[in-house]
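Data block below; observations after.
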Amino acid sequence: MPTNRNLISVRAIALSGALLVPTALLAQGHAHVHGLVNLDVAVEAQTLTVALEAPLDSLLGFEHRPRTPAQRKAADDAMKRMNDGASLVRPAAAAQCKLAKTTVESEALQSTAPAGGKEDEHADLDATFVFTCAQPDKLASIELGLFDAFKRIKRIEVQVAGPQGQSKQTLERPQKLLKLAR
Ligand SMILES: [Zn+2]
């Protein structure tokens, strides 16, 4: 699992005494690149977990707390689309997957604190979609609705961990089919 690798690298950095590495790099293994979205796809027994991490710029075109009614509306719309897991992540029908849980978090969009102070920081949104699949061995592919829902996304970098091992794939707009079986 990627988590283990991160733990090991954190320990290595601590041992080497290089403690000035930005915490953002330690906390999240993915780079913050505008237009890009990172997906971690894990299949374990009957559970399919799709974890998404996106710079807010990839979804909204801005990364600060909404300042105008138009930005507030854009942020609310984006949260609504992101919460529609069933349209964003569509596992192959043969696998008989059912969406069990959706979690969407973005401090910049959800915090009630007044705008200001941290305006220059790059903000992210994290979402997790958990499915329960009756036939996980038939999960040959997943169709992603992200390019349709968010026009600013150009590329999706995917890490897959499952019964067949780990792999990396990159989907460029307008590709939407993530293949899991080799
Ligand atoms: Zn940014």
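The values are calculated or read from the model by the stated rules, or taken from the named source; none is laboratory data. Treat the numbers as computed from the prediction; the structure is a model and nothing was measured. Here Cβ is always computed from backbone atoms with ideal geometry, including for glycine, and neighbour counts include all displayed protein chains.
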Quickly run through segment 39-64 and pick out the residues that are within 16 Å of the ligand (Cβ to nearest atom), over 18 Å from Lys168 (Cβ atoms) and among the hydrophobic types (A, V, I, L, M, F, W, C). Leu56, Leu59, Leu60, Phe62
Segment 65-96, subset within 16 Å of the ligand (Cβ to nearest atom) and surrounded by 18 or more Cβ atoms within 10 Å (Cβ to Cβ), residue modelled with the lowest pLDDT: Arg65
Before we move on, is Gly61 in the same structural domain as Lys151 (by TED's automatic domain parsing) and modelled with pLDDT of 95 or more? no
Of all residues in segment 60-99, how many are of a type in the set (Ser, Thr, Tyr) and more than 22 Å from Phe129 (Cβ to Cβ)? 1
Qualifying strands (runs of 3 or more DSSP E) (wholly inside segment 30-104; at least 2 residues being within 21 Å of Ser167 (Cβ to Cβ) and free of Cβ contacts under 8 Å to residues at least 60 places away in the same chain): 89-91
